[in-house]
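S.K.: Once you've had a glance at the structure underneath, I'll fire off some questions.
The values are calculated or read from the model by the stated rules, or taken from the named source; none is laboratory data. Keep in mind the model is a prediction, meaning the values are calculated, not measured. Methodologically, a virtual Cβ is constructed for each residue, glycine included, from the backbone with ideal geometry; neighbour enumeration extends over all protein chains shown. In case anyone asks, the SASA skips ligands and DNA or RNA and just uses the protein heavy atoms, side chains included. Shrake-Rupley method; radii C 1.70, N 1.55, O 1.52, S 1.80 Å.
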Amino acid sequence: MTTQILIAGFGGQGVLFSGKFLAYKAMMENKEVSWLPSYGPEMRGGTANCSVIVSDTPVGSPIVDKPDVLIAMNLPSLDKYEDAVVPGGIIIVDSTLIARKVKRTDVKVYYIPATQMASDEGITTLANMIILGQLIRVCDAVSDENLEASLKKVVSARRADMLDLNKKAIELGVNYVG
Amino acid sequence: MAEKVLMKGNEAIAEAAILAGCRHYFGYPITPQTEVAAYMAKRMPKIGGTFLQAESEVAAINMVMGVAATGKRTMTSSSSPGISLKSEGLSYIAGCDLPTLVVNVERGGPGLGGIQPSQSDYFQATRGGGHGDFHMIVLAPASVQEMADLTIHGFDLADKYRMTSMILADGTMGQMMEPVSLEAPEVHTYDKSWAVTGTNCEREHNIVNSLYLVPEALEKTNFERYERYRMIEENEVMYEEFMMDDAEICIAAFGVAARVSKNAVLAARAEGIKVGMIRPITLWPFPKAVFAKAAEHVHTFISVELSMGQMIEDVQLATKCTRPVLLCNRAGGMIPSPEEVLAKIKEVAGGMSK
């Protein structure tokens, strides 16, 4: 099985970071994995996205043109990539920042107010990990076990205090039922 | 085996170079290879090495030349326009027979071009890379693991043959992260009695120089150098064959184009089309023999490239134009999709069945 995932949002939302965590999580489950960032002349506030592929077999092209799963963390990302998702695929929407509904009727859609939830919990910078938790819930690319081992790979030792907060954020997303 | 870590291709090159014993890095930032320099800036001071951001690409390659003359492992990295600036130095290094490693993480051109991935420096890399008769060994990684492995191999080849090894990657390979396992390589020793290390008044001076005003002498160095090149063509060719046993259609692709093409080959095979792929890993020396052999049973070749068609000429030369060689390409920073490659394969397969 191969799952092609596209995580898209504003620069500064932690799109690349959550993708890196996902890639580590998959690698530590002995899956094949690739992670590719958009690296245009992006800046804070501009658009950013990353392609993550999780597979049982070696990854061919690392580019995700037709995602099985799209995480849209802002409206421009949903506008840009909604039509690219494969029929039967999954779209996960941060419903705090995206007011409109998904137009496609041939995909599964999950709305989660990740930015609002992050704000309510006092972890405003971690909406990216909350929405990633929802991905873990609704798609079987990776499991929700052993989050900490993978988090330790991406959270620098100097920011050890962020470990528990990231874990909490992911769990919020895993447990959220819209 | 060492624990696997996720690393960007650019970072894997830098760490592999350190493992290979390189302690002297000179560079100048340019997207999409800047992570090589950033990694070196962080690591070199901690291990007693030199990281130096030069005032220009021209300065950086000449610093590399200076260190190489002392017999120490040294490298620089850049992206397409920066490599053009280094080309004078590359020629001087070839003329002096110095071992160096040079990395080109290509971006779209010509000119300042763009910053998205490209393979359009193929001619520049495989035809020498500067003025005068010379070659570089050109290695084309198609995964982050190969970014590391070929860097280590490149240093060995450079020392063995006293010349430049170039890692010719593209922006995708530099920017993507994949699991990579990094281990200190086996240490080989090479004759460096030519190095300029100080005589202690105990031996004759070694002279590192590319100026020969007597044409007979210059001709002799050229012939000797090309004898070494002939040995490299005989002994150092690297490639990967994928599903080639019964292939009637053969994709030729390297780097990210090979990754994309692999998806297309698998999709076409699922539809019963007999297609395979030859992925050159050394672009110079080009794997001529394997293409010549493939031409005995392959009906049509398709060269998949992120350029206007450059490697296609080597495929034509290797197969002596005995079979059609078609081009499937995108340029200027665009990457062909697996669907585009599959469509080309189907077009060829359809034509063959008629």
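S.K.: Here is a list: A:Arg137, A:Arg158. Which entry is within 12 Å of the chain's Cα centre (by Cα), charged (D, E, K, R) and in a helix (DSSP H, G or I)?
M.R.: That would be A:Arg137, the only listed residue that is within 12 Å of the chain's Cα centre (by Cα), charged (D, E, K, R) and in a helix (DSSP H, G or I).
S.K.: Oh, and also: Looking for whichever is facing chain B (nearest Cβ under 9 Å), surrounded by 16 or more Cβ atoms within 10 Å (Cβ to Cβ) and touching a Gly at 6+ places or on another chain (Cβ under 9 Å) here; the options are A:Tyr39, A:Tyr24. Which one fits?
M.R.: Details: A:Tyr24 fails: touching a Gly at 6+ places or on another chain (Cβ under 9 Å).
Just one listed residue meets the conditions, A:Tyr39.
S.K.: Based on what the data block shows, is B:Ser87 on the phi < 0 side of the Ramachandran plot, away from chain A (no Cβ under 14 Å) and either open to solvent by 20 Å² or more (accessible area, probe 1.4 Å) or in contact with a Phe, Trp or Tyr (Cβ under 8 Å, 6 or more places away or on another chain) (or both)?
M.R.: yes
S.K.: Please pick out the residue among B:Gly114, B:Gly130, B:Gly154 that is open to solvent by 10 Å² or more (accessible area, probe 1.4 Å) and more than 14 Å from chain A (Cβ to nearest Cβ).
M.R.: After ruling out the rest, the residue left standing is B:Gly130.
S.K.: Moving on to the next point. Would you mind stating whether A:Gln13 is buried (at least 24 other Cβ atoms within 10 Å of the Cβ), modelled with pLDDT under 95 and either within 12 Å of the chain's Cα centre (by Cα) or more than 25 Å from B:Ala257 (Cα to Cα) (or both)?
M.R.: yes
S.K.: Is there any pair linking a residue in the stretch B:118-143 that is modelled with pLDDT under 95 to one that is surrounded by fewer than 24 Cβ atoms within 10 Å (Cβ to Cβ), with Cβ under 6 Å and at least six apart or on different chains, and which?
M.R.: B:Gly128/B:Phe134; B:Gly128/B:His135; B:Gly129/B:Ser87
S.K.: Right, something else. Hey, B:Gln33 hits all of (1) at pLDDT 95 or above; (2) open to solvent by 10 Å² or more (accessible area, probe 1.4 Å) but one; which does it fall short on?
M.R.: (2)
S.K.: Does B:Gly95 satisfy the condition of being buried (at least 22 other Cβ atoms within 10 Å of the Cβ), closer than 20 Å to B:Gly128 by Cα and of a type in the set (Gly, Ala, Ser)?
M.R.: yes
S.K.: Quick one: in the stretch B:233-279, of everything that is surrounded by fewer than 19 Cβ atoms within 10 Å (Cβ to Cβ) and in a helix (DSSP H, G or I), which residue is nearest to the other protein chains (Cβ to nearest Cβ)?
M.R.: It comes out as B:Leu266.
S.K.: Filter the stretch A:125-178 down to the residues that are small (Gly, Ala, Ser) and open to solvent by 80 Å² or more (accessible area, probe 1.4 Å) and list them by number.
M.R.: Passing the criteria: A:Ala157, A:Gly178.
S.K.: Taking A:Glu82 as meeting all but one of (1) closer than 22 Å to A:Met1 by Cβ; (2) open to solvent by less than 20 Å² (accessible area, probe 1.4 Å), write down the number of the exception.
M.R.: For A:Glu82, the exception is condition (1).
S.K.: Moving on. Looking at A:Leu6 and the list (1) within 19 Å of A:Val142 (Cβ to Cβ); (2) within 14 Å of chain B (Cβ to nearest Cβ); (3) of a type in the set (A, V, I, L, M), which single condition is not satisfied?
M.R.: Answer for A:Leu6: the failing condition is (2).
S.K.: Just one of A:Leu151, A:Leu163, A:Leu172 is farther than 20 Å from A:Val93 by Cα, touching a residue at least 40 places away in the same chain (Cβ under 8 Å) and not in a strand (DSSP E or B); which is it? Write out each step before concluding.
M.R.: Working: A:Leu163 fails: touching a residue at least 40 places away in the same chain (Cβ under 8 Å); A:Leu172 fails: farther than 20 Å from A:Val93 by Cα.
After applying the criteria, what remains is A:Leu151.
S.K.: Can you pull out the strands (runs of 3 or more DSSP E) entirely within the stretch B:281-350 that have at least 3 residues that are open to solvent by 30 Å² or more (accessible area, probe 1.4 Å) and not assigned by TED's automatic domain parsing to the domain that holds B:Pro117?
M.R.: Fully inside the stretch B:281-350 and qualifying: B:325-329.
S.K.: Is it fair to say B:Tyr229 is more than 30 Å from B:Val260 (Cβ to Cβ) and open to solvent by less than 10 Å² (accessible area, probe 1.4 Å)? Before you say what the answer is, go through the steps one by one.
M.R.: Values: more than 30 Å from B:Val260 (Cβ to Cβ): yes; open to solvent by less than 10 Å² (accessible area, probe 1.4 Å): yes.
Criteria met by B:Tyr229.
S.K.: Residue check: is A:Lys108 open to solvent by 20 Å² or more (accessible area, probe 1.4 Å), charged (D, E, K, R) and either closer than 18 Å to A:Gly173 by Cβ or within 14 Å of chain B (Cβ to nearest Cβ) (or both)?
M.R.: Yes; evaluated as a whole, the condition is true for this residue.
S.K.: Please count how many residues of the stretch B:62-82 are outside any strand (DSSP E or B) and under 17 Å from B:Thr151 (Cα atoms).
M.R.: Start the filter on the stretch B:62-82 by keeping residues that are outside any strand (DSSP E or B), which leaves B:62-73, B:79-82.
Applying the additional criterion that residues be under 17 Å from B:Thr151 (Cα atoms) yields B:64, B:68, B:72-73, B:79.
Qualifying residue count, the stretch B:62-82: 5.
Yes or no, residue by residue, for (1) free of Cβ contacts under 8 Å to residues at least 60 places away in the same chain; (2) touching a helix residue (DSSP H, G or I) at 6+ places or on another chain (Cβ under 9 Å); (3) open to solvent by 10 Å² or more (accessible area, probe 1.4 Å):
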position	(1), (2), (3)
B:Val58	yes, yes, yes
B:Ala68	yes, yes, no
B:Arg73	no, yes, yes
B:Val103	no, yes, no
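S.K.: Can you name every residue in the stretch A:8-59 that is of a type in the set (Val, Ile, Thr) and closer than 20 Å to B:Gly174 by Cα?
M.R.: Residues satisfying the conditions are A:Val15, A:Val33, A:Val52, A:Ile53, A:Val54, A:Val59.
Yes/no per residue for (1) of a type outside the set (Val, Ile, Thr); (2) closer than 18 Å to B:Val180 by Cβ; (3) away from chain B (no Cβ under 13 Å):
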position	(1), (2), (3)
A:Lys20	yes, yes, no
A:Asn30	yes, yes, no
A:Asn49	yes, no, no
A:Ser55	yes, yes, no
A:Val59	no, yes, no
A:Ile71	no, no, yes
A:Leu75	yes, no, yes
A:Gly89	yes, no, yes
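S.K.: Also, quick follow-up: Got a number for residues in the stretch B:1-17 being of a type in the set (A, V, I, L, M, F, W, C) and open to solvent by 10 Å² or more (accessible area, probe 1.4 Å)?
M.R.: 5
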